[in-house]
Amino acid sequence: MKILDKYLLKTFLFTFATVFVILFFIFILQTVWLFISELAGKDLDLILVVKFLLFSMPRIIPLVLPLSVLLASIMTFGNLAENYEFAAMKSSGISLQRAMRVLIIFIFVLSIVAFWFANNVIPYAEYKFVNFRKNIAQAKPAMAIAEGQFNDVGTYNIKVNKKSGENGNHLTGVTIHEKANNMGENKTVIKSKTGELISSEKSSILKLVLNDGYYYQDVTPKKYEDRAKLPFIKGKFKTQIINIDLSELNKVDDSKESIAGTNAMLNVSELRYTLDSLSKNLDNEIVSFSENINQRVGIKKTNPAVKKDLKKKQLPNELLSMYSNKDKVDILKMAGSNITSNIYSIETTQKDLKDKQREINKHLSALYEKFVIAFACFLMFFIGAPLGAIIRKGGLGLPIVFAVLIFITFHFINTFGKRLSQEGGMTPFLGSWISSFILSPLAILLTYRATNDNGLINFDAITTPISQLFQKISERFLPAQKQE
């Protein structure tokens, strides 16, 4: 390795490491902020908090790594251009591509490491992270419930006035709101003086034992006029046991990215196997429903000979005229009931099929994202290095502005494409790669302009046609004025 290559590699590595540590610390603070409700006031010791953060750190790498490469590239090549080191290189016959050669090799190795990290470390960390949250709730069940506020746990909203005992298992002043079902017909409120949380490390069920309490349940009458009376059921109990599924703590809300789904816990081979199973399941579901609905509506394959016999028979223009009025009413009622039933079945199955297709799209996006992070390192380097050589500014001023704008654009397009592909608006492949496809021409353009010593924007290309236009106008009208 030549002296120049050593110098460039050393400068880039120092800048990259510094930027990576700073950005990683910033994103860790963001993670702490996202999960502050789970860490604060839950009587967790320092070791559990540190483990919690360690398992959540790997998910930050796909955000930090491309941004670090982009910012380090702009700062490194911006400093070289600002100090006229690039001018000295070019006067010695060293081009921009030759100066970037050793760093391209480093970025190539970094991309391989990034892919390995995304394929092995992140899925393992996600698995440990989700299970660690569940294990904390099993070892310290009181963690799932904080004092003085309603806690959303499974199908219940639980509020306690005070917790006591060694692990906070003994509760005082318990109020529970049971969530309404899908039809919204029943609502239940349970209040008790005391309670106790009982858990087992071998089970994901948290047992809540309530003592000396009441329950109130709203009742929706069948007759509409009786609803104005607001009837309800009230009961009293000495002891009541409620089982809470702790797996509800790890369920995902698609509108938030606080917890990754199970697709983030799988590597490439596991994702391909899962996708094959999901696709076969979806195809079987479609075939099964189509056969079922055909039988329900009476669509069957008929023999051609039978079709000829049917054509010979002349049917009346109005089939209902063959029946009495009573039979007509019964037939119409039956037809209406069948239509309503079939429409409900079709709508329900359609929703179920959309959910299954959405799950397939999520797994496909997770598969492509492992390759996107590797390509993003290359892309950000070929954007940042030429951009730094063009703007000729190092340090933490202008480079940060350009880096943040470019990365926000990349991340916004990537997130938008991924969300759109999960809902079926575009293919998962395009949704995952659209940000790379859009920014790749920018990388090519910047590399071309930096190689040819052109500025970031060629103002001459804009101002020259305008000045020529004004010149032609003046030449056309000025002579006419002189003749007058």
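The values are calculated or read from the model by the stated rules, or taken from the named source; none is laboratory data. What you see is a predicted model; the values in this text were computed from it and never measured. Note: ideal-geometry Cβ built from the backbone for every residue, glycine included; neighbour counts use all protein chains shown. Heads up: the accessible areas ignore ligands, DNA and RNA and are worked out on the full protein's heavy atoms, side chains in. Shrake-Rupley method; radii C 1.70, N 1.55, O 1.52, S 1.80 Å.
The residue that is surrounded by the fewest Cβ atoms within 10 Å (Cβ to Cβ), among those in segment 108-143 that are among the polar types (S, T, N, Q) and modelled with pLDDT of 80 or more, is N120. Within segment 340-359, residues that are more than 25 Å from S421 (Cβ to Cβ) and in contact (Cβ under 8 Å) with a residue 24 or more places away in the chain reach partners that are of a type in the set (A, V, I, L, M, F, W, C) and open to solvent by less than 60 Å² (accessible area, probe 1.4 Å) with beta carbons closer than 9 Å, at six or more positions or on different chains, in the pairs N342/I293; S345/F289; S345/I293; I346/F289; I346/I293.
The residue list L63, L13, L29, L71 contains one member that is loosely packed, with under 14 Cβ neighbours inside 10 Å, aliphatic (A, V, I, L, M) and either more than 26 Å from N151 (Cα to Cα) or at pLDDT 80 or above (or both), which is L29.
Applying the condition of being hydroxyl-bearing (S, T, Y) and outside any helix (DSSP H, G or I) to segment 91-102 and asking which residue is most open to solvent (accessible area, probe 1.4 Å) yields S92. One residue stands out among those in segment 44-60 that are of a type in the set (A, V, I, L, M, F, W, C) and touching a Phe, Trp or Tyr at 6+ places or on another chain (Cβ under 7 Å): the one that is most open to solvent (accessible area, probe 1.4 Å), which is F55.
Consider I105 carefully, then state whether it is open to solvent by 40 Å² or more (accessible area, probe 1.4 Å) and either among the hydroxyl-bearing types (S, T, Y) or modelled with pLDDT of 85 or more (or both). Answer is yes for this residue. Filtered by the rule that a residue be open to solvent by 50 Å² or more (accessible area, probe 1.4 Å) and at positive phi, segment 380-435 gives R392, G424. Here is the figure for segment 168-195: residues that are surrounded by fewer than 15 Cβ atoms within 10 Å (Cβ to Cβ), in contact with a strand residue (DSSP E or B) (Cβ under 8 Å, 6 or more places away or on another chain) and at pLDDT below 85 total 2. Selection over segment 407-458 of residues that are out of contact with any Ser or Thr (no Cβ under 8 Å at 6 or more places or on another chain) and outside any helix (DSSP H, G or I) gives a count of 11. Here G388, G384 are screened, and the one residue that is among the small types (G, A, S), in contact with a helix residue (DSSP H, G or I) (Cβ under 7 Å, 6 or more places away or on another chain), part of a helix (DSSP H, G or I) and more than 24 Å from I112 (Cα to Cα) is G388.
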